[in-house]
1. Among the residues of the stretch 204-223, write down those that are within 23 Å of Y147 (Cβ to Cβ) and surrounded by 16 or more Cβ atoms within 10 Å (Cβ to Cβ).
2. Of I84, I97, which residue is touching a Pro at 6+ places or on another chain (Cβ under 7 Å) and surrounded by 15 or more Cβ atoms within 10 Å (Cβ to Cβ)?
Amino acid sequence: MSQLKTFFAGAAAMASALAAVVLLTGAREPRNAQFDEITVGRINIVEPDGSKRLVISNRAQFPGDFMQGKEGERPDRRSFAGMIFVNEEGTENGGLIQKGSIGPDGKISSGLSLTFDRFRQDQALQLLNTDSNDWQQTAIKINDVPYFELTSLADQQRFGQEARQLPAAERQAYWQKLNDAGRLGANRIWLGNTRDKGSALQLKDAQGRTRMMLLVSASGAAEIQMLDEAGKVIRTITPTSGL
């Protein structure tokens, strides 16, 4: 009888050991899985060390912004779903956000934005579509964005706070001083449709001032406009005007 008890005790111990091995190895399998369909609220694509490189999320779990491995609060993103690109140092590198709904007041609130950021900075390239009851716009924007050591994202927030504390009459001069010092970003190229159902290409100088526009109206009339630094049209070229 004692030998039988010993046998059963040994068998139980071996079974426990095998179960532990199965559980431990099973926790790591399968390394390569295939699914016909998967339903999730958020997916974090990570490196082997666990650092995030891409976040795909619904609206409820949409992340804040990422800067050098730390996530910051972004309440303004809570109405969007989409994905965020994150670079090797853990800083946001662009992303895709989208939303679309009709509110209780019957008004449309819809938009989609695909952006690519400069390193530790904001949008250098944006593909944008917005829609409302009044009008729809689709555009491509190419921006000059300052080097992050000259103007950081924190600096941009500080500039806005300082400007709001100034009397309204002094704000323009405040922004102009920063702009002259190269501390601000500027849109350089804008391509899209217009409110009157035309299309336009705007080419701008380093200060963000439009200096040339290529226009086609809804009826098909085409022209090229050249503008001075104050925004005044100084020359217009049409198919019949000659060069």
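1. The answer is K204, and nothing else.
2. Criteria check complete, one pass: I84.
Just so you know, all these numbers are worked out from the coordinates, no wet-lab data involved. Given the structure is predicted, the values throughout are model-derived calculations rather than measurements. With ideal geometry, Cβ positions are generated from the backbone for all residues, glycine too; neighbour counts draw on all protein chains shown.
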